[in-house]
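Asker: The structure follows.
The values are calculated or read from the model by the stated rules, or taken from the named source; none is laboratory data. Quick caveat: nothing in here was measured; it's all calculated off a predicted structure. For neighbour counting, all protein chains shown are included, and Cβ atoms are generated from backbone atoms with ideal geometry for every residue, glycine included. Only protein heavy atoms, including side chains, enter the accessible area calculation; ligands, DNA and RNA are left aside. Shrake-Rupley method; radii C 1.70, N 1.55, O 1.52, S 1.80 Å.
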Amino acid sequence: MKKIILLICVIATLTSCKAKKSYSSKKQQTHTVKVNPTIKPTQEGEAIAKYAKKFNGTRYKYGGTTKRGMDCSGLVYTTFKDNDISVPRTTGSLSSHGDWIDLKEVNVGDLVFFATKKNSRKVNHVGIVTNVRTGNVEFIHASTSRGVMISSLAEKYWYFAFVQARRIL
């Protein structure tokens, strides 16, 4: 009986150590994004970001464009439509709309595109830039797992999934 209790204690100790290591390593996995912090957001860009943030917390729904549910391109389409700017409805079409810009020149209201499928560089996800500061770009998007949310290009996942930025405004 003592051996079983000792074995359980050893397993519990090893398991807890492993959990702490993986937690601390995930917390430190950020990257510096090179941007030009002197570029000031335009009024149009600020209006786009402000309206998009109204959907923060909205659940994900494929093809959705309302507060009841939306996908990533639906968020872009709805946000720009509210600001009287016509854009394509799909991520693929959006990825060739507007002007390509270098990530260093990205500004609030610009679009950022990602390839999130393993071993693919084909764009399948889009977000709207909400904040640009030294070493970081924040964007709002509709995640399939967590709905509409704000994320950062400094996060390892988004840093490596990033493909391009485009300016519609």
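Asker: Ratio of Rg to Rh for the stretch 55-124, alpha carbon only, Kirkwood?
Answerer: Values: Rg = 12.8 Å, Rh = 13.2 Å.
Rounded to two decimals, Rg over Rh is 0.97.
Asker: Summarise the accessible area of the stretch 19-130 (1.4 Å probe, protein heavy atoms) by the percent that is carbon and sulfur.
Answerer: 49
Asker: Quote to one decimal, in nm, the extra length available between Lys122 and Asp82 on full extension: 0.36 nm per residue of separation minus the C-alpha distance between them.
Answerer: Net length gain for the segment: 11.6 nm.
Asker: Also, I was wondering about something else. Say each of Ser93 and Ser143 gets a label point 7 Å from the Cα, pointing the same way as Cα to Cβ; how far apart are those two points in nm?
Answerer: About 2.8 nm separates the two model spin labels.
Asker: Using only Cα atoms, figure out Rg for the stretch 88-131 and give it as a multiple of 2.2 N^0.38 Å. Intermediate results must be reported in sequence, preceding the final value.
Answerer: On the way: Rg = 10.8 Å, N = 44, 2.2 N^0.38 = 9.3 Å.
This ratio for the stretch 88-131 stands at 1.17.
Asker: ³J(HN,Hα) across the stretch 115-128 via Karplus (A = 6.51, B = -1.76, C = 1.60, θ = phi - 60°), whole Hz, x for Gly/Pro?
Answerer: 10, 9, 7, 4, 6, 9, 10, 7, 4, 9, 8, 9, x, 10
Asker: Now, a different point. Taking the Cβ of Lys34 as the center, what net charge do the other residues with Cβ under 10 Å away carry, scoring Lys and Arg +1 and Asp and Glu -1?
Answerer: That works out to 0.
Asker: Now for a different question. What accessible area per residue, rounded to a whole number of Å², is obtained for the stretch 28-88 using a probe radius of 1.4 Å? Kindly include the intermediate steps, with their values, before the conclusion.
Answerer: On the way: 3870 Å² over 61 residues.
Accessible area per residue: 63 Å².
Asker: Near the amide H of Gly64, under 5 Å away, which other amide H atoms are found, from residues 5 or more places off or on another chain, if H is placed in the peptide plane?
Answerer: Asp71
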